[in-house]
Amino acid sequence: MNARRTALPSWHRWSLWAALVVLLACMLATLVWLAGRHEAGQIQERLGRDAATAITDIRFALARDQQSLAVLGSGATPNAAWQEQASALLQAQRALVRIEWRDADLHITAQAQSPYHPIDWNAAIRADPHGSAAMACANARRLTAPAYAGSYFQPYSDGLGAELLELCLPLAANGHMEGFIVATYALQDLLSTTTSHNLAGNQEVSFTDPDGTRLALIGATQRGPRLFTTQQLLNLNGTALVLRLDGWHSEPHLFPSLVTALVAAMALALAGVVAMLVRDNRRRLDAERELGEALAFRQAMEDSLVAGLRARDLRGRVTYVNQAFCAMVGFSAEELLGRDMPAPYWPPELAAMYQQSLHRRSPQTAHEGLEAQYLRKDGTRLDVLIFETPLLDAQGRHQGWMSAVLDVSAQRRVEAQSRAAQERLEATAHLATVGEMASLLSHEINQPLAAISSYATGALNLLAHDDASDADARHTLLQDLRSAVQHIADQAARAGRVVQGVHSLVRRRGQAREPVPAEALLGAVLPLIHLQARANGVRLVSSVAPGLPPVLCDRTMVEQVLLNLARNAIQAMEDTPPDTRVLELQVRAALPGAQGAWLEFVVVDCGKGIAPEVAGELFTPFFTTRAQGTGLGLNLCRTVVEQHGGVIRFAANVPRGMVFLFTLPAGQSPNPPE
């Protein structure tokens, strides 16, 4: 019972506040609704007045035109003067499209057309006894007064069109009907010339049929969210049109009068005071709750940080540490708070330096990251990165320093391991380069050594069969021996150049290039190719296209490319019948019409070809399909050709075998052929 008595006053107080708020809201809503109704009524009334004014202007314009047409029909018969007067009237009145003089039988005796409307009039339609003009004249004959006919749509010759209205004025003399003046109006221009000067930017006026179909429309350059409409009937002899006036307006003003505004302002002020009283009490409760939540959130955030937080005053005493900092140095918060310098986690040999650095610190340099070394409580050391910012109080006064401490010991260990791994990788890469150079040398030096061996064997054979007794035979023997020794010297020099070329190729150095005739390149390697071709029963065919420019290349390395491709072609024909073993070497222009800018070297064999699964790995280093191969020959060929700016490719030879082609520049050719 006591609980109920203590609860009633609170419920009663809140109900009164709620009732007051509801009454204020209802009063304000009623005022707003009445103000809106009042303003909408004023807008509608003003729109009705504008429509009535527009009807008056249209009637006045039609009456004025009737007078002008009556003066135009005052003559006995139409003549040249009538034609000039009719044209002048059409020039002055843009709404008039056409003026006709018709006799008593409605036959057209004269006509004039407006220069503003491009209409191709059909004479048969204009003379139709059931047309609009004939109906207007029938009404005029019956009423003996100007009469109108219903509107109709007339297309223009430019693809557009307009709604037209016919007016017929009877011409009577002495009680007899002598003829008619027929005038044709364009409703769009009639609206434009009579009402456009009185329209506001947010209004549009239109002619409509009684069923609502729009016949002509002008205005409404600005539109708002609300539309107000009024209609006025325009009665004409013989027909009737509806003038519709639409006004676009923004939302009605909430406070159209001063009294309404004052009452609304007082109501709003009272509601604001009530709201402020209620909100003040709620703010106090919300502030207390948010403060508790903020403190809990801050504590949770500090406890979850990996970085250590430490605050010190201007004397260097520690005033705050978080759990991460305590875990980092191994000391508890009680052991650190209030401690003077030197700090217990400073290494003894670095304490003096750290203390001097602390005294030299200024707010301008506080944000810089400093690397330091701390000593844990268990004696182990760790590397840390410290970021410090000035600690300010509520008045902005400098009270100390706030530090964020990051343990970077693991990062330093990883960096040391990465440097060691990088050094090992560089050493491995150096060994790989040395191995690659050694493999290339062993691969490329075989050909000069084989040639030296062949020439030395030949020289020994000549000496072993030296049975020449006369001077001529001995002179011939000496010449052959001298030639063999010269070839041995040439191949030894060639072996030296091969060593230098492979060394420069592996080191990726630019080789000296010189213009060399294609015949000289091919002639330098043909003797060596002949030796291996003869040993394998292969017939050699070589050809050089006439008129080719010299090749700009490293002669020794290009000769090695030719030797490697020719040797591979000869080896590819080992399992073919002896009568089909043919090796072709060709030199030609790379592209027809390219004026010899690039030369193409072609090596064609009649061997067993290359399997599709092998073709993709053909230029891969150390890939080979032969037991005695090293897998470096074709890789060297591609490297040499590409260093010269050329391309190397291969294709199947029809009916059997393969074709290897590579291009080399002639002179200063800038771009390789695709």
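Going through 119, 108 one at a time, which residue ends up being surrounded by 13 or more Cβ atoms within 10 Å (Cβ to Cβ), assigned by TED's automatic domain parsing to the domain that holds residue 88 and over 16 Å from residue 95 (Cα atoms)? Don't jump to the end; show me each part of the working.
Numbers: 119 fails: over 16 Å from residue 95 (Cα atoms).
One residue alone meets the criteria, 108.
How many residues does segment 77-93 hold that are under 21 Å from residue 136 (Cβ atoms) and touching a residue at least 24 places away in the same chain (Cβ under 8 Å)?
Taking segment 77-93 as the starting set, the residues that turn out to be under 21 Å from residue 136 (Cβ atoms) are 78, 82, 86, 89-90, 93.
Cutting the leftovers down to touching a residue at least 24 places away in the same chain (Cβ under 8 Å) gives us 78, 82, 86, 90, 93.
Of the residues in segment 77-93, 5 are under 21 Å from residue 136 (Cβ atoms) and touching a residue at least 24 places away in the same chain (Cβ under 8 Å).
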- prompt: Which one of these is assigned by TED's automatic domain parsing to the domain that holds residue 73 and either more than 54 Å from the chain's Cα centre (by Cα) or of a type in the set (A, V, I, L, M) (or both): 161, 179?
  reply: 179
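Filtering segment 514-569 down to residues that are of a type in the set (Asp, Glu) and part of a helix (DSSP H, G or I), which residue is nearest to residue 633 (Cα to Cα)?
In the first step, residues of segment 514-569 are kept if they are of a type in the set (Asp, Glu); the result is 514, 519, 554, 559.
Those left that are additionally part of a helix (DSSP H, G or I): 519, 559.
On the way: 519: 23, 559: 13 Å.
Filtering first and then ranking leaves 559.
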- line: Only unsatisfied item for residue 295, checking (1) within 22 Å of residue 392 (Cβ to Cβ); (2) touching a residue at least 60 places away in the same chain (Cβ under 8 Å), is (2)
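How many residues does segment 384-409 contain that are polar (S, T, N, Q), more than 48 Å from the chain's Cα centre (by Cα) and within 20 Å of residue 337 (Cα to Cα)?
Of the residues in segment 384-409, 1 are polar (S, T, N, Q), more than 48 Å from the chain's Cα centre (by Cα) and within 20 Å of residue 337 (Cα to Cα).
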task: Might you let me know whether segment 286-302 holds any residue that is in a helix (DSSP H, G or I) and touching a Cys at 6+ places or on another chain (Cβ under 7 Å)?
output: no
field: Condition met for residue 62 (under 30 Å from residue 177 (Cα atoms) and not small (Gly, Ala, Ser))
entry: yes
- prompt: Given the residues 138, 133, which is the only one that is surrounded by fewer than 19 Cβ atoms within 10 Å (Cβ to Cβ), over 59 Å from the mean Cα position of the chain (by Cα) and part of a helix (DSSP H, G or I)?
  reply: 138
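Within segment 189-204, does at least one residue satisfy the condition of being part of a strand (DSSP E or B), at pLDDT 85 or above and of a type outside the set (Asp, Glu)?
Step one: of segment 189-204, the residues part of a strand (DSSP E or B) are 203-204.
Now narrow it down to the ones that are at pLDDT 85 or above: 204.
Now drop any that are not of a type outside the set (Asp, Glu), which leaves none.
Scanning segment 189-204, I find no residue that is part of a strand (DSSP E or B), at pLDDT 85 or above and of a type outside the set (Asp, Glu), so the answer is no.
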statement: All conditions in (1) in a loop (DSSP other than H, G, I, E, B); (2) free of Cβ contacts under 8 Å to residues at least 60 places away in the same chain are true of residue 117 except (2)
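The values are calculated or read from the model by the stated rules, or taken from the named source; none is laboratory data. Remember, predicted model here, so these are calculated numbers, not experimental data. Heads up, the Cβs are rebuilt from the backbone with ideal geometry, glycines too, and the neighbour counts pull from every protein chain shown.
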